[in-house]
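Scroll down for the structure; my scribbles are underneath it.
FYI, it's all coordinate maths here, none of it is from the lab. Predicted, not measured: the structure shown is a model, and the values here were computed from it. Reconstructed Cβ throughout: ideal geometry from the backbone, glycine too, with neighbour counts over all protein chains shown.
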Amino acid sequence: MVMRQIALDIAMPGQAKLENFFPGPNSAAHAHLQRLVQGQQVPDALAVPTYLWGPEGTGKTHLLRAVEEGLRARGAIVGCLDASGLAPPDFDESWAMVLMDDVHLYSAEQQHSAFQWFVQAQSLQRPVLAAGSSAPADLLLREDLRTRLGWGHIFALQPLGEAQSRAVLRQAADARGLFLSDEVMDFTLRRFNRDLGSLLALLDELDRYALQTQRAITIPLIRSMLENT
């Protein structure tokens with residue numbers, strides 16, 4: 001039987017927190033964002049942008065949403081721009097930070113707004129946190145925006161290894177009150193995408209299906225879920 005591959009984003013918006021991100025090889029980026037949310041950067045460094053890049057499933061969107069959640073919890077207002085949005089709003093001086101996701105997909109209008117946001121954020125000493133699929137030098141964007149994305153803190157996010165993926169899956173299952181046997185863990189890691197987003201999306205589907213069928217999570221249940229969804 002051909003197994004269906006699930007490739008979804010790393011987390012739903014309400015679930016994204018820096019505390020539930022498993023950093024693995026990305027601990028430097030994680031620590032940097034924690035300091036940014038906690039306001040531990042020196043004032044002059046706040047205007048220096050941060051750019052995260054890496055393949056799908058490495059946690060870029062999760063981290064941006066987690067930073068947004070962390071700042072909102074502190075009463076801050078955040079400006080957000082992603083490729084799926086409609087006409088971008090004008091820059092708001094009440095924003096404590098600017099977040100730009102999926103910059104590699106920006107339209108010409110979105111690139112224009114992103115550049116304007118950059119200029120105004122820097123003039124007001126507001127941090128910019130952006131994410132894309134490629135290193136700044138490889139982004140097919142207008143030059144003035146591309147160079148601004150590339151002159152600050154840059155972190156290349158790496159996928160988790162097998163042992164780290166197993167640890168994340170176990171931790172996420174425990175948080176949901178689910179038991180995954182070693183047999184189920186081995187089967188899951190052999191048959192499905194190992195990027196963190198896909199694993200967590202799979203776990204959500206397993207949780208829902210197990211509740212619907214009133215069965216424990218076993219390999220037969222996984223096969224049944226794939227045949228019936």
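Quick notes on this structure:
- 222 nm mean residue ellipticity, helices alone, for the chain (DSSP H n ≥ 4; -39,500 (n - 2.57); rounded to 500): -14000 deg cm²/dmol
- Shape category assigned to the stretch 13-156 from the gyration tensor of Cα positions, a/c cut at 1.5: rounded
- The stretch between Glu56 and Ser107 holds 16.4 nm of extra length on full extension. This uses 0.36 nm per residue minus the Cα-Cα distance.
- Rg to Rh quotient for the stretch 181-229, alpha carbon positions, Kirkwood Rh: 0.93
- Averaged over residues, the count of other Cβ atoms within 10 Å places the peptides 210-222, 158-170 in the sequence 158-170, 210-222, highest first.
- Using a Förster distance of 45 Å, the FRET efficiency for Ala73-Arg215 (Cβ separation, nearest 0.05): 0.75
- With eigenvalues of the C-alpha gyration tensor scaled by 5 and rooted, the stretch 144-202, Å: 33, 12, 10
- Treating r as the C-beta distance of Leu124 and Asp144 and R0 as 22 Å, the FRET efficiency rounds to 0.75.
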